Amino acid sequence: MRGRKIVVGVSGSIAAYKACELVSKLRQQDADVRVVMTRSATEFVGTATLRALSGRNVACEMFDVCPDEQIEHVSLAEFGEVMIVAPATANVIGKVAAGVCDDLLTTTISAAACPVIFAPAMNWRMWENPITQANVKRLQALGYVFVEPEEGWLACGESKAGRLASTDKLLTAIEKALGIGDSKLAGKQVMVTAGPTREWVDPVRFISNPSSGKMGYALAEEAARRGAKVTLISGPTALPAPAGAELVNAETAEQMAEAVQQHLPGTDVFVGAAAVADWRPVQQADAKLKKSQGAPELKLEATPDIIAQVSASAQRPAVVVGFAAETDDLEKNARQKLDDKALDIIVANDLSAPGAGFGSDTNAVTIFDRDGNSKQIDTTTKRKIAAEVLDSIEQLLGTH
Ligand code: PMT
């Protein structure tokens, strides 16, 4: 669950106190949890309790301004990779089934693009009421997931079905919605390099390239989402650390090569998305070169070829994936790199395609593998490209 983004909705039932245990268990697994409560839920549990347990402000009111100045229900809906409403009252289930959005919780559910799980808890007659049952069926038919209430002692003094399902069952439903355990990458160690390197000429000038790191960070985040243990070795970028990945910073090609070697033992999959400078100045001036001395003649030497080292290593990961950014002869140049560096997959960026390559949020690539297969992906988000690349990696892992 490390870094996974989970929204927990709490509605007004005596079982609201059990949301505290759920939030606590999620946090113990390093999930990033945000809680949204209905006003009646706050009659059963204080916001201070859930704020302390989640480590974040608890959202209750429609017109609260959230810290990033976004509209609260939209920001919560965009934040979540999964949303669970536990406990879900007959009232909330009925409102969502009828398309009513009259508070922050129902509005957030309505705006959510992620899977939404309902864990009902109510008096047994309310649960058995045909209207409630029809609402549940309607929502299930629309793709909402229900964790059925359990039989047991209810607050009304009877022992019937209506108790909130156990916290373990709720956690299992969340894991299933997140796809944890389904992927061949679950539990694997994945290393990704991202961003540019800087090769210093003097203390104020360097050789580099326009890589933003977006492609590599998207790969690291998607691999973590699939349950991999991810180490991201990054050149200088302006990006925040991706959820669920261990971030290791490196500036020069030499430093990136050292960091990769240090973290290589045990790595199952290596993805080289970094735009590593191919050359560096043989000598780096200790003081700023003066313009008055005339243009310097730079003597360059090759930097270590990080991915070739990984591929030739005695500790070679099962799958080694390279990237190639090409302006011409895309297939020929990419296949050449696949062979020269003994890679399993190469992802060729077509720099001539609009919205592809350095800096943009989108990319257009062709994925070539060592068996001669290829797959072209037209311009789409780097997040989707990352998912396609990881699908190809999973296919190769399946053959090992
Ligand atoms: O960071 P973004 O702005 O999102 O842009 C993404 C990207 C264009 C940087 C990325 O998708 C990409 O294509 N990266 C590879 C850039 C490139 O052209 O690499 P290359 O052809 O020089 O190298 C081929 C492969 O060898 C790459 O996997 C590279 O990481 C690796 N390499 C290269 C040189 C070197 N000294 N060591 C290496 O490991």
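The values are calculated or read from the model by the stated rules, or taken from the named source; none is laboratory data. Worth saying up front: this structure is predicted, and the values here are computed from it rather than measured. Cβ sites come from the backbone with ideal geometry, for glycine too, and all protein chains shown count toward neighbours. Calculation scope for accessible area: heavy atoms of the full protein, side chains included, ligands and nucleic acids excluded. Shrake-Rupley method; radii C 1.70, N 1.55, O 1.52, S 1.80 Å.
Please specify each residue of the range 367-400 satisfying the condition of being polar (S, T, N, Q) and surrounded by fewer than 18 Cβ atoms within 10 Å (Cβ to Cβ). So that I can check it myself, show each step before the final result.
The first filter runs over the range 367-400 and keeps only residues polar (S, T, N, Q), leaving 373-374, 376, 379-381, 392, 395, 399.
Listed by number, the residues that qualify are Asn373, Ser374, Gln376, Thr379, Thr380, Thr381, Gln395, Thr399.
Could you tell me how many of the residues in the range 314-332 are more than 8 Å from the ligand (Cβ to nearest atom) and free of Cβ contacts under 8 Å to residues at least 40 places away in the same chain? Show your work before the answer.
Restricting attention to the range 314-332, the residues satisfying the condition of being more than 8 Å from the ligand (Cβ to nearest atom) are 314-320, 327-332.
With the extra rule that they be free of Cβ contacts under 8 Å to residues at least 40 places away in the same chain, the set shrinks to 314, 316, 327-330, 332.
Result for the range 314-332: 7.
Let's see how each residue does on (1) surrounded by fewer than 19 Cβ atoms within 10 Å (Cβ to Cβ); (2) modelled with pLDDT of 95 or more; (3) not β-branched (Val, Ile, Thr):
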position	(1), (2), (3)
Lys214	no, yes, yes
Thr237	yes, yes, no
Ala245	no, no, yes
Glu258	yes, yes, yes
Gln262	yes, yes, yes
Ala273	no, yes, yes
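Filtering the range 216-227 down to residues that are open to solvent by less than 60 Å² (accessible area, probe 1.4 Å) and within 14 Å of the ligand (Cβ to nearest atom), which residue is farthest from Glu297 (Cα to Cα)? Please lay out each step first, then the result.
The initial filter retains those residues of the range 216-227 that are open to solvent by less than 60 Å² (accessible area, probe 1.4 Å), namely 216-220, 222-224, 226-227.
Restricting the remaining residues to those that are within 14 Å of the ligand (Cβ to nearest atom) gives 216-220, 222.
Numbers: Gly216: 34, Tyr217: 36, Ala218: 38, Leu219: 39, Ala220: 39, Glu222: 44 Å.
Only one residue tops the list, namely Glu222.
Here is a check on your reading of the model: is Pro120 within 31 Å of the chain's Cα centre (by Cα), open to solvent by less than 50 Å² (accessible area, probe 1.4 Å) and free of Cβ contacts under 8 Å to residues at least 60 places away in the same chain?
yes
Residues checked against (1) out of contact with any strand residue (DSSP E or B) (no Cβ under 7 Å at 6 or more places or on another chain); (2) of a type in the set (A, V, I, L, M); (3) in the same structural domain as Cys20 (by TED's automatic domain parsing):
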position	(1), (2), (3)
Ala121	no, yes, yes
Val136	no, yes, yes
Ala141	yes, yes, yes
Phe146	no, no, yes
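Go through the range 208-246 and report how many residues are acidic (Asp, Glu) and either part of a strand (DSSP E or B) or free of Cβ contacts under 8 Å to residues at least 40 places away in the same chain (or both).
Of the residues in the range 208-246, 1 are acidic (Asp, Glu) and either part of a strand (DSSP E or B) or free of Cβ contacts under 8 Å to residues at least 40 places away in the same chain (or both).
Only one of (1) under 27 Å from the mean Cα position of the chain (by Cα); (2) modelled with pLDDT of 95 or more; (3) over 30 Å from Ala302 (Cβ atoms) fails for Val192. Which number is that?
The failed condition is (3).
Filter the range 185-204 down to the residues that are over 15 Å from Ala257 (Cβ atoms) and open to solvent by 10 Å² or more (accessible area, probe 1.4 Å), then identify the one that is nearest to the ligand (Cβ to nearest atom).
Restricting to residues being over 15 Å from Ala257 (Cβ atoms) and open to solvent by 10 Å² or more (accessible area, probe 1.4 Å), the top hit is Trp200.
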